[in-house]
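Remarks on the structure that follows.
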Amino acid sequence: MITIIIPVLNEEKTIGKCLENIIELPGQKELIVVDGGSLDHTVEIASRYAKVISSPKGRAKQMNSGAKAAKGDILWFVHSDSKLHQNSISEIENTIAQKYIGGCFKLYFYDFDTRFMRFVATTSNLRAKYLKLIFGDQGIFMSRDTFEKLRGFQDMELMEDWDFSRRIHRLGMMRMINKKIGTSARRFQRDGQLKTLLKMHKIKVLYLLGTPSEKLNKIYREVR
């Protein structure tokens, strides 16, 4: 069985559609939403569709809490603004059956289809495939055994997905499934396409230079 884990914080605008999408996916699944202290109607909405648990705020903490509560032997981490392909669950099961330790999906932006955003999606997929750097919006999944060997996500305020991706690739082969996962471009729409991309690259460079994740998260959350 696959356990789908969704960390949330004040996501009332996206969580309902996300969960409706997931429930329609064929295949055996467990659905866990991990709330980090939402002040809106996120928990109320999520409770209609999924098991909801509480956790200290922070995506890494929330995902680790979800994994601890999970019953599945495959863990799939999904963002609340994701759109999932109809065959996602069978593709994940086939991937693990083929002795891959985990994998991800090809990214696209479903709500802002510009040439620039298609470029961002393409380069993100190339980065995941050739540089072995999978970010959270690509729907990373793995066997429970693999997750436990890595002791979960590092307790970081940001870049926990980068750190996890680097560590998991040392354990075995990962597969990029030839099916798409959609994510929202809301941050690009709000702050500007080029400006947002440059900020993302700035954060990556600062991370490589050893900047603390707390400071990186502050930069990431800035609205200008």
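The values are calculated or read from the model by the stated rules, or taken from the named source; none is laboratory data. In this text, all values refer to a predicted model and were calculated from it rather than measured experimentally. Cβ placement follows ideal geometry from the backbone for every residue including glycine, while neighbour counts extend to all protein chains displayed. Side chains included, ligands, DNA and RNA excluded: accessible areas come from the protein's heavy atoms. Shrake-Rupley method; radii C 1.70, N 1.55, O 1.52, S 1.80 Å.
On the beta carbon distance between Thr114 and Lys215, with R0 = 41 Å, the FRET formula returns roughly 0.85. For the chain, the dipole from Cβ point charges (+1 on Lys and Arg, -1 on Asp and Glu) about the Cα centre works out to 880 debye, to the nearest 20.
For region 109-150, a crude dipole built from +1 on the beta carbon of Lys and Arg and -1 on the beta carbon of Asp and Glu, taken about the Cα centre, is about 240 debye to the nearest 20. In this label model, Arg190 and Asp145 are separated by 4.2 nm, measuring between points 7 Å along each Cα→Cβ vector. Could you name the lysines in cross-link range of Lys199, using Cα to Cα under 26 Å and dropping any fewer than eight places away on the same chain? Reachable lysines: Lys13, Lys57, Lys61, Lys83, Lys106, Lys129, Lys132, Lys180, Lys215, Lys218. Suppose we look only past 16 Å in the calculated P(r) of region 61-124. What percent of the Cα-Cα pairs does that tail hold? Roughly 61 percent, rounded to a whole number. The stretch between Thr122 and Asn10 holds 37.4 nm of extra length on full extension. This uses 0.36 nm per residue minus the Cα-Cα distance. Working from Cα pairs under 8 Å separated by at least six residues, relative contact order for region 64-210 is 36 percent.
To the nearest 10, the accessible area of Arg167 is 40 Å² with a 1.4 Å probe. For a distance above 18 Å, tell me the whole-number percent of Cα pairs in region 154-224 that qualify. The answer is 53 percent, as a whole percent.
Here the chain is treated as an ellipsoid with the same Cα gyration tensor; its semi-axes, largest first and in whole Å, are 24, 21, 19. Scaling the Cα radius of gyration of region 124-186 by the globular reference 2.2 N^0.38 Å produces a ratio of 1.12.
Rounded to the nearest 0.05, what FRET efficiency is calculated for Glu222 and Lys132 with R0 set to 35 Å and r the Cβ-Cβ distance? E between Glu222 and Lys132, to the nearest 0.05, is 0.75.
Summing Lys and Arg as +1 and Asp and Glu as -1 over all other residues whose Cβ lies under 15 Å from the Cβ of Met1 gives a net charge of 0. Rounded to two decimals, what is Rg over Rh for region 1-118 when you use alpha-carbon atoms and the Kirkwood radius? My calculation puts Rg/Rh at 0.97.
Ordered by 1.4 Å accessible area with all protein chains kept, Arg187, Arg166 run largest first as Arg166, Arg187.
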